[in-house]
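Take a look at the structure below.
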């Protein structure tokens, strides 16, 4: 448990107070005991005096009675009555003084009975004396009772004396105990006070040291607070200026937002048109796909026809080769015919002419077949090229069809994207309108922030002044703590 | 690839179809023309009265890049492409042997006598069967063009070669005229003393 100076002080003073109260209570108790003992002793002393007075009264009554009986002088009678009253009074007083002692009360009852009998006896003797009928023997009886009374008083007195002795003894014991308690209690209280003083001094010293350190730390912290507060004041001013600028910026953004909203609406309209164009483009691409398929089919048909034509061209080439061979043989035959015609001389002139014609025809046939073969070669090249081109066309048509399909997919994606973009632009337009309202609210908020920032700057400057004052107080407190030595 | 003018293609196709539908036989006008041309040639004399001035008929043939002529009267026949047999370890002048209607005839190596380089490719398609003094031999040539009348004394540059008579102008080039007798003599080593 962490102890503090207040706790130490409280504990110290509590201990001292406990010891002091203990000593005081003990002293009070002893004093009360002594007072009671003194009171009891006083009562016992009073009882002893009452016993003395009672004995004296009884003896006075007896003496006066004896004097009256002996002298017959009446002047002794009042003394008897006074003695009787005194005796009764003392018995009553003794009853009161010994009311807490039942034995004494019993003894007083017996004594009262004896005294009353004695008084009755004396009264009787006095009356008989007065009547002259009294005898000396009665007097001797009265003397015996008187001895009993004296003895009874003596017992009561001895009892009271014993009580006095006991009470004196108890009072002495109480007095010594009270003296010891006061003496040792005083020493103990002084020791406690000294110990508590040491503890409190140590605690105060530690507390003072901590307070000094705390004061210095507080001063440093306050200096930092001052610095921070000044910086905060400057920052708050900058913040207020920034809020003003932000307000202006928000207004510009708001204006830009209006333009964005306008452009977003235009973009939405444009997107709708583009969407329609995308639909048309999608249809066109699908038509292109179909057209590509048709082109592919036609190109394949062209290729088949070209292949068929190539086959027929080969047949024609074979025919042309046959014709060429025939022409060659005809040419050879014509040459031999011409030779034979030349060998026949003039008779072979007509044959030579026919041979010449045959040769001419053969040559023409050869030339034609050469041309045909050349043309067939060209046709074959063209056909081969056509086949190649048709094949390429088929491939390109297939490629185009694939591209058309890809383009269809792309256009479809573009269309979908345009749809999404259109929705997005519409959302942008709607969001921009909401954003516009938010910007206006934000502008108002920034204006409020600027005003609040100005107020904050004023408050911060006041706070800086207060903190400066606090720093001065802290320094003064540190100086005061430094001056306070424990 | 240029654009196709289908308007021009269609008439061509129609014309082609029409041409294919025409009959293969010659028209009567064509036949009549041939007959007229034949008649004109027939009315001309077969052998001119002055054979020397008109020139002797020559058979013109081609060998490699050169054009050569030989008197038509020395040619017994012209054979088409026929297999011939080369003779191992034979003389260079003998190119091989050929079967002509069951008779084996020698083939004179004309390139040997004309000092022509040996051709790497065999393009010869004709064999000329020459006959002189009951002897026959063959010449392997590339192409036979037909007869040509030529005046032998008009040869411009007589050659010193023993198998040639000289060189004459011929259409757009020259014609080397061969001496048939010299060919036979050189082949059978019958060179006459000067």
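The values are calculated or read from the model by the stated rules, or taken from the named source; none is laboratory data. The shown structure was predicted, so the numbers you read here are calculated from the model rather than taken from an experiment. With ideal geometry, Cβ positions are generated from the backbone for all residues, glycine too; neighbour counts draw on all protein chains shown.
Condition check for residue A:134 on (1) at pLDDT below 80; (2) part of a helix (DSSP H, G or I); (3) over 60 Å from the mean Cα position of the chain (by Cα); (4) surrounded by fewer than 18 Cβ atoms within 10 Å (Cβ to Cβ): one failure, at (2). Candidates A:343, A:299: the one that is at the interface with another protein chain (Cβ under 8 Å from one of its Cβ atoms) and either in contact with a helix residue (DSSP H, G or I) (Cβ under 9 Å, 6 or more places away or on another chain) or surrounded by fewer than 15 Cβ atoms within 10 Å (Cβ to Cβ) (or both) is A:343.
Residues of region B:65-83 include at least one that is out of contact with any strand residue (DSSP E or B) (no Cβ under 7 Å at 6 or more places or on another chain), without any contact (Cβ under 8 Å) to a residue 12 or more places away in the chain and within 13 Å of residue B:141 (Cα to Cα). Just name the residue that is surrounded by the fewest Cβ atoms within 10 Å (Cβ to Cβ) out of those in region A:353-371 that are at the interface with chain B (Cβ under 7 Å from one of its Cβ atoms) and out of contact with any strand residue (DSSP E or B) (no Cβ under 9 Å at 6 or more places or on another chain). Restricting to residues being at the interface with chain B (Cβ under 7 Å from one of its Cβ atoms) and out of contact with any strand residue (DSSP E or B) (no Cβ under 9 Å at 6 or more places or on another chain), the top hit is A:357. None of B:67, B:62 is modelled with pLDDT of 85 or more, more than 14 Å from chain A (Cβ to nearest Cβ) and under 27 Å from residue B:173 (Cβ atoms) except B:67.
Listed residues A:92, A:66, A:74; which is buried (at least 16 other Cβ atoms within 10 Å of the Cβ) and out of contact with any helix residue (DSSP H, G or I) (no Cβ under 6 Å at 6 or more places or on another chain)? None of the others qualify; the one that does is A:66. For the condition out of contact with any helix residue (DSSP H, G or I) (no Cβ under 8 Å at 6 or more places or on another chain), facing chain A (nearest Cβ under 10 Å) and modelled with pLDDT under 85, residue B:46 does not qualify. Being part of a helix (DSSP H, G or I) and modelled with pLDDT of 75 or more is a property that does not hold for residue A:453. When you check residue B:131 against the structure, is it within 14 Å of chain A (Cβ to nearest Cβ), surrounded by fewer than 20 Cβ atoms within 10 Å (Cβ to Cβ), at pLDDT 85 or above and in contact with a strand residue (DSSP E or B) (Cβ under 8 Å, 6 or more places away or on another chain), yes or no? Answer is yes for this residue. Is it the case, given these coordinates, that residue A:453 is touching a residue at least 12 places away in the same chain (Cβ under 8 Å), touching a helix residue (DSSP H, G or I) at 6+ places or on another chain (Cβ under 8 Å) and under 30 Å from residue A:208 (Cα atoms)? So residue A:453 does not fit the description; no.
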